[in-house]
Amino acid sequence: MTGITDLASAGGASGASGVPSLWTLAAGAAGAGDKLQAPSIEYGKLSPVLIVLGAAALGVVIDAFAPRKARYGAQLFVVLAGLAAAFAAVIGLAASGVGSSKAQIAGMGALAIDGPTLFLQGTLLLVGIVGAFTFAERRLEPAAHGSRVDSFAAQPASVPGGEGEREAVKAGWTTTEVFPLLMFAVGGMMLFPAANDLLTLFIALEVFSLPLYLLCALARRRRLLSQEAAVKYFLLGAFSSAFLLFGTALLYGYAGTVNYSGIARVVSGADAVSDPVLADTTGNDALLLIGGALVVMGLLFKVGAVPFHMWTPDVYQGAPTPVTGFMAAATKVAAFGALLRLLYVVLPGLRWDWRPVMWGVAILTMLGGAVVAITQTDIKRLLAYSSIAHAGFLLAGVIATSEDGISSVLFYLGAYSFVTLGAFAVVTLVRDAGGEATHLSKWAGLGRRSPLLAAVFAVFLLAFAGIPLTSGFAGKFAVFKAAAEGGAGALVVVGVIASAIAAFFYLRVIVLMFFSEPQADGPSVAVPSVMTTSAIALGVVVTVVLGVAPQYFLDLAGQAGVFVR
Amino acid sequence: MSPINYVYLAALLFTIGAAGVLIRRNAIVVFMCIELMLNAANLTLVAFSRMHGNLDGQIMAFFVMVVAAAEVVVGLAIIVMLYRARHSASVDDASLMKL
């Protein structure tokens with residue numbers, strides 16, 4: 001795009017009534033013998049994203065041409081190989097110093113490949129691998145007519161309870177499309193925190209949102225709930241992305257460019273503006289303030305911050321639980337990465353304007369999520385409100401506006417995502433005749449029935465609550481420390497109060513599991529395959545290691561905590 | 001006429017779209033209102049592109065059109081699926097998860 005812009009500005013000043021004419025310019029440029037520069041793409045630096053998106057495209061081909069029986073194995077292989085190769089590429093880039101000294105803008109200014117990008121891409125890839133494990137689990141559902149099935153609908157297009165569905169279930173079909181959808185979502189999420197212009201930000205947002213809307217609708221059981229969740233998520237998600245896009249358009253109008261550093265230069269007033277039109281628009285603060293607010297609003301919707309959180313509980317409850325776990329972890333990682341980059345790279349010149357607003361949003365989010373979670377009776381809704389409260393704690397780190405703020409948020413995201421994945425993987429195991437038993441009353445006495453599972457879930461709940469020796473404590477401590485040093489001491493006090501409120505309902509679930517009598521018709525705990533087992537085990541290991549010995553990972557996040565401009 | 005008038009028109013269209021999303025009950029109409037908002041953003045981009053004399057905004061408008069088309073594919077699939085299951089596309093009827 002830069003090449004075209006250069007062409008335009010080469011002859012753009014001449015035009016009637018102060019408006020540069022694009023039509024005469026094209027002819028003039030051709031006459032002057034200028035040529036479009038071929039874009040140079042740093043394929044090596046973009047390789048993690050390219051591998052993931054390539055594997056996703058391969059998955060589509062497999063689903064189109066491979067026989068039904070071979071699809072599951074082939075898809076799972078492509079997904080895991082693609083994610084592992086991309087993760088190796090991220091490690092390779094980080095080892096060669098791209099994360100620190102050799103950070104650079106790639107893809108003609110579209111993407112920034114720097115420390116935060118690589119850290120978040122690595123986290124997202126690990127989350128994707130664990131998510132793929134839970135997606136591929138085929139031991140939990142009872143075998144349908146002799147064939148093992150996963151938690152996704154036999155044929156999503158058929159009407160729930162209708163003839164088409166019965167036939168599809170009888171034939172033992174499964175929706176292997178979930179694997180390419182997962183890969184497209186991971187690819188978009190990896191682009192999201194790396195986006196270095198507003199157009200890439202918008203496209204990446206859509207690339208990861210559209211597969212997630214579809215994945216939400218694909219539950220094998222309780223399909224009406226699942227479809228309702230998908231409609232709500234889609235309509236509200238599209239609504240919020242329209243706000244983000246309009247904000248993008250206004251910021252483009254303000255600065256005459258969508259490039260992050262270009263906008264930042266205009267906001268800070270570093271360059272003298274000679275163009276009369278640009279001088280006019282940059283003098284118009286309404287464009288900047290409204291545009292910036294709309295873009296930030298779109299991102300706050302994705303992280304699920306109050307007052308843009310209304311979709312979270314319904315979507316988390318209705319979506320298939322493996323999807324909920326993946327979405328809860330990965331969307332937060334991607335969206336906070338993008339939010340950090342936007343606020344730290346594009347709008348640092350506006351921080352006296354956005355900090356008070358974010359203060360309010362953070363306080364509302366922490367308290368709102370924690371207080372409403374107390375009244376919940378469904379475990380998935382409870383975890384949804386808990387994720388809202390955690391978004392508030394993360395916002396406290398964002399408000400710090402310091403290098404520690406970046407690195408603490410990165411660390412918190414890494415810690416939080418594995419706890420979330422593990423917790424939702426546990427939820428998939430507690431089942432009764434109707435599928436997953438998500439009502440909290442069903443969880444009473446689970447500790448007597450299945451001590452190991454209840455203990456594992458208790459570890460996750462303690463990590464959510466931020467009890468010492470879990471990753472949740474290390475993350476919360478880092479975030480609150482950065483916020484306090486960044487001059488947001490009052491916010492930390494509110495955060496601690498919200499943590500205390502949140503601890504109440506986490507501990508209530510633990511008490512319910514261990515100290516109440518099991519119901520006679522209570523749920524049973526399904527025995528998973530090695531995939532879900534390893535997802536949960538990895539969650540426990542990360543939770544404990546990051547809680548007991550966080551220093552190495554804090555240092556890693558600290559090294560990664562500088563944005564390239 | 002100064003191109004800034006198109007920005008005012010786009011802001012008006014965007015407001016109409018946003019109000020429609022909040023007021024209307026039928027999921028298809030809500031979706032159409034979202035498309036109106038996207039197109040309002042397109043008009044803004046093109047108008048500013050004309051004012052600034054660079055082509056970034058016009059190219060973005062193309063991207064937005066493609067994204068809007070992709071969104072239509074996904075969105076209509078989801079809404080039609082809901083309609084077939086419930087024989088209603090009203091967003092008020094989809095309230096199984098209300099507390």
Spacing of the two label points (7 Å from each Cα toward its C-beta) at residue A:104 and residue A:357, in nm: 3.5 nm
Inter-label distance for residue A:519 and residue A:265, nm, one decimal - labels placed 7 Å from Cα along Cα-to-Cβ: 6.4 nm
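If you average the sequence gap of Cα pairs under 8 Å that are 6 or more apart and divide by the length of segment B:4-86, what percent do you get for the contact order?
Details: 66 pairs, mean separation 23.4, N = 83.
This gives 28 percent for segment B:4-86.
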Area of residue A:403 that stays accessible when all protein chains are in place (1.4 Å probe, Å², to 10): 110 Å²
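Return the value, in Å² to the nearest 100, of accessible area buried between chains B and A (probe 1.4 Å, both sides summed). Could the numbers behind the result be given before it?
On the way: alone 7170 and 21830 Å², together 24180 Å².
Chains B and A together bury approximately 4800 Å².
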How high is the relative contact order of chain A, in percent, with contacts defined as C-alpha pairs under 8 Å that are six or more residues apart? 15 percent
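Between residue B:26 and residue B:66, take the C-beta separation as r, use R0 = 41 Å, and let me know the FRET efficiency to the nearest 0.05. Walk me through the numbers on the way to the answer.
Numbers: r = 26 Å, r/R0 = 0.63.
FRET efficiency, residue B:26 to residue B:66: 0.95.
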Find out how many positive minus negative residues lie around residue A:63, taking Lys and Arg as positive, Asp and Glu as negative, among other residues whose Cβ is under 9 Å from that of residue A:63. 0
Can you show me the helix-derived [θ] at 222 nm for chain B, built from DSSP H runs with n ≥ 4 at -39,500 (n - 2.57) apiece and divided by the number of residues, rounded to the nearest 500. -27500 deg cm²/dmol
Ordered by number, the residues of segment A:270-304 that have at least 30 Å² less accessible area in the complete protein assembly than on their own chain alone (1.4 Å probe) are A:277
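Quick check: residue separation of residue A:41 and residue A:91 times 0.36 nm, minus the Cα distance between them. What number comes out in nm? Walk me through the intermediate numbers first.
Working: separation 50, 0.36 × 50 = 18.00 nm, distance 2.02 nm.
Full extension of this stretch gives 16.0 nm more.
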Within straight cross-link reach of residue A:476, meaning Cα distance under 16 Å, which lysines are found once same-chain residues fewer than 8 apart are removed? A:332
Tell me, what is the 1.4 Å probe accessible area of residue A:206, in Å² to the nearest 10? 10 Å²
Taking the Cβ-Cβ separation of residue A:221 and residue A:544 as r and a Förster radius of 35 Å, what is the calculated FRET efficiency to the nearest 0.05? 0.60
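What percentage of the solvent-accessible surface of segment A:416-474, computed with a 1.4 Å probe over protein heavy atoms, is contributed by carbon and sulfur atoms? Don't jump to the answer; show the numbers that get you there.
Details: 1210 of 1630 Å².
For segment A:416-474, the apolar C and S fraction of the accessible surface comes to 74 percent.
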In this structure, the FRET efficiency calculated for residue A:501 and residue A:167 from their beta-carbon separation, with R0 = 35 Å, to the nearest 0.05, is 0.10
Starting from the Cα of residue B:11, step 7 Å toward the Cβ, then list every residue of segment A:238-252 with an amide N under 17 Å from that point. A:243-252
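With n ≥ 4 as the cut-off for DSSP H runs, can you work out [θ] at 222 nm for chain A, using -39500 (n - 2.57) per run divided by the number of residues, rounded to the nearest 500? Walk me through the intermediate numbers first.
Details: 23 runs with 391 residues, N = 565.
So the calculated ellipticity at 222 nm is -23000 deg cm²/dmol.
What order, most packed first, do the peptides A:480-486, A:547-553 have when packing is the mean number of other Cβ atoms within 10 Å of each residue?
On the way: A:480-486: 21.1, A:547-553: 14.7.
Ranking the peptides A:480-486, A:547-553 by packing returns A:480-486, A:547-553.
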On average, how much accessible surface per residue is there in chain A, in Å², for a 1.4 Å probe, leaving out ligands, DNA and RNA? 34 Å²
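Would you work out what percent of the accessible area of segment B:4-86, with all protein chains in place, is carbon or sulfur (probe 1.4 Å)? Write down the numbers at each step before the final one.
Values: 2700 of 3600 Å².
Here carbon and sulfur together make up 75 percent of the probe-accessible area.
Subtract the Cα-Cα distance of residue A:289 and residue A:530 from 0.36 nm times their separation in residues, and report this length gain in nm to one decimal. Please list the in-between numbers first.
Numbers: separation 241, 0.36 × 241 = 86.76 nm, distance 5.13 nm.
Additional length available on full extension: 81.6 nm.
The values are calculated or read from the model by the stated rules, or taken from the named source; none is laboratory data. Every value quoted in this text rests on a predicted model; they were computed, and no experiment measured them. Here Cβ is always computed from backbone atoms with ideal geometry, including for glycine, and neighbour counts include all displayed protein chains. For the accessible areas, the whole protein counts, side chains as well, though only heavy atoms, and no ligand, DNA or RNA atoms are used. Shrake-Rupley method; radii C 1.70, N 1.55, O 1.52, S 1.80 Å.
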